[in-house]
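The values are calculated or read from the model by the stated rules, or taken from the named source; none is laboratory data. None of these values were measured; they are calculated from a predicted model. All Cβ positions, glycine included, derive from the backbone under ideal geometry; neighbour counts span all protein chains shown.
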Amino acid sequence: MRANRFLVSSVVLAIAVASSASTHWASGEDWPQWRGADRANRSSETGLFKTWKADGPPLAWVAEGMGSGYANVSVSNGRAFTTGNRDDRQAVIAVDVKTGKVLWTAAISSSAPKHGYDGSRSTPTIDGDKLYVVSSDGAIHCLNTADGETVWKREFSQWKGKMMSGWGFSESPLVDGDWVICTPGGSDAIVVALDKSSGKDVWACPLPFGGDSTDAGGKSLKDGAGYASTIISNGGGVKQYIQFVGRGLIGIRAADGKLLWQYTRVANGTANIPTAIAEGDYVFTSSGYGTGSALLKLSADGAQGVKAEEIYWLGGNDMQNKHGGMTLVDGYIYCGHGNGNGLPICVEMATGKVAWGPQRAAGSGETSTIYADGHIVFRREDGTVILAKATPEAFTEVANFMPVFQEGKSWAHPVISDGILYLREQNKLMAYKLRP
């Protein structure tokens, strides 16, 4: 028992120190990709929420012309970028953040892709004067941010790409140094690294198909890409890319694309969606459809590789995040829990202990989040936006409001950049002022 207590204490200390250190990332007001600069979904901005009243913060503008879709926005150098289906094609749209004026649109498909829940999914990744995006029909595109001109394009069919189910490719590519990482989902190329300037192959990681089957524990596994996006980890002393695909969570050595480890228990047979959270040697993962959540520890395996050890498992009744995503702040995870319910919940990452929740709150349906300035902004599927204190002590709501426009399912996650809260809602993009 003493040894177990020491292990838990060590995990708590390691995660709390890592989370606290990375909560305050380098000063910057841009939000250049999915989940922000470090994909942790935390904003470094302060002095926010001073103007938030009962009916919400002041509205700066509403832009039209985003098309249909569920993609978030990226913000860089005074422009916001997103994707949507418009004019019978899927396109990237650039917007002036001061006025909401559409600056340009650039088609990334010859027709509007057809799949369940039509529309775009991928949030553009901004890297200098280039952006990278995945169209839902399965292709990665590199465009100039100035005018949307195509620099290069690669079809996922070149790697025999495949999705685990029929809702369209959804990841937001990861730019890491000179490479861009994406997930075609092929048996010989589940994840690939490309030269970001030319689109040429660097390496491809194989994950042989097993047919739609089950693992040793009876867990349903699907071939192909999932709906998550890749993150970077240095767990176990090895730089690696972690991605959630049809056959589970995987770690890939960054240097050469070698598959290091695979964790199948968190996979489900419908859609593996949430982007994982990595802190130090630890990785937290979750999925919906009745599945659950897990904390893994990454360590060297003695053969220049890495092994993943399950520290704990939370069943679907305890904690499952379907697709709203999770945010780690000072050792605690904030997200929506439940398949279709999205009830706000706070869980200690190191132990799996529920600090508070699942919490009945304003609004209904799946819940997405973002952290900024000591608060969590929750966005519910019905459009309701909740401002709550980021504390494990209790669910403390400060305010909530319904945006000026809501349509269908509000699945695009909230984004905060330069004092503005961005809410994408199908063809419209709303900008709310968070500073006086």
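Entry remark, the stretch 45-77: residues being crowded, with 17+ Cβ neighbours inside 10 Å and outside any loop (DSSP other than H, G, I, E, B) number 9 in total.
Here the stretch 267-282 is the region considered, the condition is being farther than 14 Å from Ser229 by Cα, touching a helix residue (DSSP H, G or I) at 6+ places or on another chain (Cβ under 7 Å) and not aromatic (Phe, Trp, Tyr), and the residue that is surrounded by the fewest Cβ atoms within 10 Å (Cβ to Cβ) is Gly280.
Among the residues of the stretch 400-436, those that are on the phi > 0 side of the Ramachandran plot and either of a type in the set (Gly, Ala, Ser) or part of a strand (DSSP E or B) (or both) comprise Gly408, Gly419. Strands (runs of 3 or more DSSP E) fully within the stretch 309-388 that include at least 1 residues being aromatic (Phe, Trp, Tyr) and within 21 Å of Lys297 (Cβ to Cβ): 332-337. Among the residues of the stretch 82-107, write down those that are out of contact with any Leu (no Cβ under 8 Å at 6 or more places or on another chain), buried (at least 17 other Cβ atoms within 10 Å of the Cβ) and in a loop (DSSP other than H, G, I, E, B). Hit for the stretch 82-107 is Val97, nothing else.
From the list Thr291, Thr285, which one is buried (at least 18 other Cβ atoms within 10 Å of the Cβ) and either closer than 22 Å to Ser43 by Cα or in contact with a Cys (Cβ under 7 Å, 6 or more places away or on another chain) (or both)? Going through Thr291, Thr285 in turn, the sole match is Thr285. Beta carbons closer than 8 Å, at least 6 apart along the sequence or on distinct chains, pair a first residue in the stretch 252-263 that is farther than 14 Å from Asn234 by Cα and basic (Lys, Arg) with a second that is at pLDDT 95 or above and assigned to a strand (DSSP E or B) for Lys258/Cys205; Lys258/Ile252.
Condition check ((1) crowded, with 24+ Cβ neighbours inside 10 Å; (2) at pLDDT 95 or above; (3) polar (S, T, N, Q)) across all residues:
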site	(1), (2), (3)
Ala390	no, yes, no
Met402	no, yes, no
Phe405	no, yes, no
Arg424	yes, yes, no
Asn427	no, yes, yes
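Counting the residues of the stretch 277-300 that are on the phi > 0 side of the Ramachandran plot and within 19 Å of the chain's Cα centre (by Cα) gives 3. Residues in the stretch 203-218 that are among the small types (Gly, Ala, Ser), modelled with pLDDT under 95 and out of contact with any Leu (no Cβ under 8 Å at 6 or more places or on another chain) were compared, and the one that is nearest to Lys160 (Cα to Cα) is Gly211. For the stretch 241-257, a residue qualifies if it is closer than 21 Å to Val175 by Cβ and out of contact with any helix residue (DSSP H, G or I) (no Cβ under 8 Å at 6 or more places or on another chain), and the qualifying residues are Tyr241, Ile242, Gln243, Phe244, Val245, Ile250, Ile252, Arg253, Ala254, Ala255, Asp256, Gly257.
Comparison of Ala255, Ala303, Ala267, Ala271 shows that the only residue that is at negative phi, at pLDDT below 95 and not in a strand (DSSP E or B) is Ala303.
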